[in-house]
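Trainee: Quick one: this structure, given as structure tokens, is what I'll be asking you about.
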Amino acid sequence: MKPENAQGLAANYFGIAGEVTVLPGERNPNFLVTNGVQMYVLKIHKADEVAQIELQEHVLAELSGLSGFSVPKTIPGSEGKSLIALGDEQFARMLAWIPGELWSASETAESHKVSLGRLIATVDHELASFDVTKYRSVLDRPFGWNALQVQSLADDVELIKDAELKKHVKLILDRMINSTLSKVIALPHQLIHNDANDNNVVVRNGSIVGLIDFGDLIYAPRICGLAVGCAYQLDARDPVASIYAIVRGYHEVAPLSPAELEVLFDLICLRVATSVVMAHRQIAADPDNEYLGVSQDFFQALLPALTSVSDRLSHYRLRNACGYEAHPDSRHVRQWLATTDAKISDVVMPPFAQAKKIWLDWSGENKNIARSWEAIEAEMKSASADVAIGHYCEDRNVYESDFFVDEGKESRTVHLAVDLFAPAGTPVYAALDGKVFLFHDNTAHLDNGPMIVLEHETDQGVKFHTLYAHLSRASLDGLSVGKEIKSGQQIATMGTEEVNVGWPPHTHFQLIMDLCDMAHDIWGVAAVSELPVWRSMCPNPNLILRIPEGTDVHAHMKTETLAQEREVVLSRALSLNFQKHLEIVSGKGAYLYDRDGGKYLDLVNNVAHLGHSHPRVVAAAHKQMLTLNTNTRYWNQNAIEYARALAGTFPDPLSVVFFVNSGSEANDLALRLAQAHTKAKGMMVLEHAYHGHTTSTIDISPYKFNGRGGDGRPDQVRVAPIPDSYKGLHRGEGAGEKYAAEFKRELDSLGQPLCAFISESIVSTGGQVPLATGFLKQAFQMTREVGGVCIADEVQIGMGRMGSTFWGFELHDVVPDIVTMGKPIGSGHPLAAVITTPEIAHSFMTGMEYFNTFGGNPVSAAIGQTVLDVIVDEALQRNALTVGNYLMNGVRELGKSIETIGDVRGSGLFIGVEFVTDRESQSPGTKVTKDLIEFARENGVFLSSDGPADNVLKIKPPMIIGIKEVDIFLDVLERGLKSI
Ligand code: PMP
């Protein structure tokens, strides 16, 4: 069809008059129609495609509400029909153009890959329940791009004339047909898009926004579609690493199973091979169609890279990328080694347990490495040692030869074995029964030298290997592959430095799950970024050596690796501070330090009450850890004396203490105490309050149950308005009474007996909101009048932080029935507590024992006592008052010239600074707050925010900060607010 005909068609049948240009297409002519306002794609189809188009139309309708991504919208033609018959056995349809550009024409960002994975997964997820019954015949049609029809491709391999290219394609097809296909077929099938290549992905403003071209829909395991998306993003330098981000993006939205990951790499290879065969097929049939050659150079160049990497290792690496342990049998082998009755023999110097050992530090940080045999021997002599041990998972900088650097890749530096250094000639024994798997003399500089690999088998028939490297040459004499070896049999002697291609005499002893086509070039060291993979592939050989002092030094992972690992091995429901995430490695006093040495004043952490790493806390913990740690089922002075000291900070009748491990646990126990005492379940809480992450405490936390992902207010709970006298319902004189009346209204609506009212005295998650004067006293009274008990949550605010008082409730002239404590009381150690009255404690004596494994253990109690001591010794409560007032006055002073500072409030070192767009409207200054926090981070100060509009700075630093730190903060605040 000619463009002018297409133009007429668009106008006459679809009412879209505009300019028409031809778009490239594999099968059919497509036209871009532009009417000055919007763009459309006019597609021309042949009659035999009608069933397929009906399927597409159905799918597009199904996907029209996709969250986060768009698919083309069908524009109805005359009589509302989406498919217009043109005569000539041709049909036309019109789709709206998704604004943006094709990924292939835009700049590629690594973030696109994650997004691509999410896009494919989102579509798959949506199509998972699509009923294909009606469309079976379309979906089962012969179709070269359908991975399940790989056999038909194999029939056309002969079309490839280039022998080298043909070899690679054949290798991939054979592997698929002979071993992988049956596993693919066994996976659950669904409808999939099957063509998420970068010509079908739309990018707008740097983000992936849509997916087009639904002409390749097939019914197949969804992993086939992910494989297609991956195939077009491969990088020959490290094909597997180049698709991690896509796979992770997919896994995040639609978790991948181990069975899917097992076939993914082979399916990716298949897609590349398919493209090559299809191009040869199509070029043979239609030599003039230019579109057919698209991506051929790219794919043909990729093939050698794909066939040269081990498909098994690729599988393990992809498992690791999704959080599964890299080698699926590694756990079994480790367990078998830990429990087997099979004879495990000493590799050197039996009885090895009695050999005198020293440990060599070959880590990159050591500037004084004993690298020569003379130096090692001298160290051994001075310690009268028989053997020197080189660590497992040590990041070393001794691997200077090219052997450890693969072009364009990170060098390999992390040791995967244990080294046993001893004089040349020292006998080496087989650790287990097995047979010779391979032996070889690796003569390249710093390579393995003469080495032997034995193969072993667990009771369940799982094979694994032991590697003994740097042997004498004579050790290889008389060996043959398959030769039976007995556990404890001498198999070798250690080689000299000369034979050992530059290494001092030692045996490099390594456990290996799978040699993964490495042949003689077995990796004894790995790239630090792939450490989790190699830990699994080569478990710690101390499972065999059994050196009680240990061999694993846990090489430091790269920050990027930590970030990736965290995404898959920890819950994604966890969050990270700041837009630019940080790896914090140490803390001292009021400061935290990142991995690059960046120093930050920490105004966020009220947990490190006495400052980070307070030496007296560390010493108390260390001393008690060295002495004893048990539980409260023995008399032990620590918990008992500490309970008395802690109770000494409370007014009568609060005197009975329970020790727990977290604020949530403290509040959960407080609920149990209150319920035991009142026999009631009804709860009164304050708007925006947070009391913990457990089931019971989420139920009393409007911050959570009314927040994102929350299930709403439980029936037994009533929420009273937050008594905020700055911008709440009631302000100024008498606000406290009015809020108390609101409280009463909610209480009256409860409709069941009241168990308790729980509240902080400054509502932290509400945005550091001090309770309006007089409110708490009246609310306590109302609570008690109907038989409820009053719980003060001091988890955030207590322990002297208020400055003028030790506990927050004391600001309000009330005495609670139960007080819960957490965060600061252990100054960084997980310690929390509940204190109550003898009467309530008595009600809790139901006959059921209260046992808490860790609560009140001697170590935690020693720490808690030290925290109380230090607060007194360093006069920290007074410090909180003076420094806190200095800070608030400083911010108020700034507020005289900076309009966005709406309110400055708090007590001692628990301060809120509320930002507004202007003081008149009090509209929340959420953006200012957010920008300020990032500005402050860049300028070395950590801040955080809270409140329903996230527009309140929460300032709650370690109690040891001084005027100097406040001045740093005030300077950053002023510069920040004036520049953003
Ligand atoms: N109560 C309050 C007021 C809190 O702020 C928190 C924690 N932010 C908790 C209870 C729960 O403490 P934890 O996180 O130690 O369980």
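The values are calculated or read from the model by the stated rules, or taken from the named source; none is laboratory data. On a predicted model such as this, the values are computed, not experimentally measured, just so you know. Virtual Cβ from ideal backbone geometry, glycine too; neighbours counted across all protein chains shown.
Trainee: Scan the stretch 813-838 for residues that are in contact with a helix residue (DSSP H, G or I) (Cβ under 7 Å, 6 or more places away or on another chain) and away from the ligand (no atom under 16 Å from the Cβ) and report the count.
Mentor: Total satisfying the criteria: 4.
Trainee: Taking the stretch 379-427 on its own, how many of its residues are part of a strand (DSSP E or B) and over 20 Å from Thr466 (Cβ atoms)?
Mentor: Of the residues in the stretch 379-427, 5 are part of a strand (DSSP E or B) and over 20 Å from Thr466 (Cβ atoms).
Trainee: OK, next. Could you identify the single residue in Gly249, Gly225, Gly215 that is among the small types (Gly, Ala, Ser), within 20 Å of Ser64 (Cα to Cα) and assigned to a helix (DSSP H, G or I)?
Mentor: Sole residue among the options that is among the small types (Gly, Ala, Ser), within 20 Å of Ser64 (Cα to Cα) and assigned to a helix (DSSP H, G or I): Gly225.
Trainee: Within the stretch 751-797, work out how many residues are within 16 Å of the ligand (Cβ to nearest atom), over 18 Å from Ile835 (Cα atoms) and outside any loop (DSSP other than H, G, I, E, B).
Mentor: Here the count works out to 5.
Trainee: Looking at (1) touching a Phe, Trp or Tyr at 6+ places or on another chain (Cβ under 7 Å); (2) buried (at least 23 other Cβ atoms within 10 Å of the Cβ), which is the one condition that is false for Val209?
Mentor: (2) is the only condition that Val209 fails.
A quick yes/no check of all residues on (1) surrounded by 19 or more Cβ atoms within 10 Å (Cβ to Cβ); (2) among the hydroxyl-bearing types (Ser, Thr, Tyr); (3) over 26 Å from His612 (Cβ atoms):
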residue: Arg919; (1), (2), (3): no, no, yes
residue: Pro924; (1), (2), (3): yes, no, yes
residue: Gly940; (1), (2), (3): no, no, no
residue: Asn951; (1), (2), (3): yes, no, yes
residue: Glu965; (1), (2), (3): yes, no, no
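Trainee: Something else now. Can you give me the ranges of the strands (runs of 3 or more DSSP E) entirely in the stretch 826-945 with at least 1 residues that are among the hydroxyl-bearing types (Ser, Thr, Tyr)?
Mentor: Passing ranges, in order: 832-836, 901-907.
Trainee: Just need a number here: residues in the stretch 659-688 that are away from the ligand (no atom under 15 Å from the Cβ) and either within 34 Å of the chain's Cα centre (by Cα) or buried (at least 22 other Cβ atoms within 10 Å of the Cβ) (or both).
Mentor: Qualifying residue count, the stretch 659-688: 4.
Trainee: Still on this structure, I have one more. Please list, ordered by first then second residue, the pairs with beta carbon atoms under 6 Å, 6 or more apart or interchain, first in the stretch 548-564 and surrounded by fewer than 13 Cβ atoms within 10 Å (Cβ to Cβ), second modelled with pLDDT of 95 or more and assigned to a helix (DSSP H, G or I).
Mentor: none
Trainee: Looking at (1) out of contact with any Phe, Trp or Tyr (no Cβ under 8 Å at 6 or more places or on another chain); (2) among the charged types (D, E, K, R); (3) in contact (Cβ under 8 Å) with a residue 24 or more places away in the chain, which is the one condition that is false for Asp971?
Mentor: Tallying (1) out of contact with any Phe, Trp or Tyr (no Cβ under 8 Å at 6 or more places or on another chain); (2) among the charged types (D, E, K, R); (3) in contact (Cβ under 8 Å) with a residue 24 or more places away in the chain, Asp971 fails exactly one: (3).
Trainee: Sticking with this structure for a sec: Would you mind telling me which numbered condition in (1) under 21 Å from Leu610 (Cβ atoms); (2) touching a residue at least 12 places away in the same chain (Cβ under 8 Å); (3) more than 14 Å from the ligand (Cβ to nearest atom); (4) among the small types (Gly, Ala, Ser) Ala841 fails?
Mentor: It is condition (1) that Ala841 fails.
Trainee: Restricting attention to strands (runs of 3 or more DSSP E) lying wholly within the stretch 33-142, give those where 2 or more residues are surrounded by fewer than 16 Cβ atoms within 10 Å (Cβ to Cβ).
Mentor: 84-87
Trainee: Failed condition for Asp715, given (1) among the acidic types (Asp, Glu); (2) assigned to a helix (DSSP H, G or I); (3) more than 14 Å from the ligand (Cβ to nearest atom), with all others met?
Mentor: Unmet condition: (2).
Trainee: Given the conditions (1) in contact with a Lys or Arg (Cβ under 9 Å, 6 or more places away or on another chain); (2) assigned to a helix (DSSP H, G or I); (3) farther than 22 Å from Met176 by Cα, which single one is not true for Glu260?
Mentor: Answer for Glu260: the failing condition is (3).
Trainee: Right, here's the next one. Just wondering, is there one or more residues in the stretch 857-877 that are crowded, with 23+ Cβ neighbours inside 10 Å, in contact with a strand residue (DSSP E or B) (Cβ under 6 Å, 6 or more places away or on another chain), under 19 Å from Val607 (Cβ atoms) and at pLDDT 95 or above?
Mentor: No - not one qualifying residue is present in the stretch 857-877.
Trainee: Restricting the first residue to the stretch 744-762 and requiring it to be farther than 30 Å from Ile955 by Cα, which pairs with a second residue that is basic (Lys, Arg) and buried (at least 24 other Cβ atoms within 10 Å of the Cβ) meet a Cβ separation below 7 Å and a spacing of at least six or different chains?
Mentor: Taking only residues 6 or more apart or on different chains, not a single pair turns up.
Trainee: I would also like to ask the following. Confirm whether Ile698 is more than 24 Å from Ser843 (Cβ to Cβ), within 16 Å of the ligand (Cβ to nearest atom), of a type in the set (A, V, I, L, M, F, W, C) and free of Cβ contacts under 8 Å to residues at least 60 places away in the same chain.
Mentor: yes
Trainee: Within the stretch 701-712, restricting attention to residues that are more than 19 Å from Arg745 (Cβ to Cβ) and assigned to a loop (DSSP other than H, G, I, E, B), which residue is farthest from the ligand (Cβ to nearest atom)?
Mentor: So the residue we want is Gly712.
Trainee: Is it true that some residue in the stretch 493-501 is loosely packed, with under 15 Cβ neighbours inside 10 Å and of a type in the set (Asp, Glu)?
Mentor: Looking for residues that are loosely packed, with under 15 Cβ neighbours inside 10 Å and of a type in the set (Asp, Glu), one finds at least one in the stretch 493-501, hence yes.
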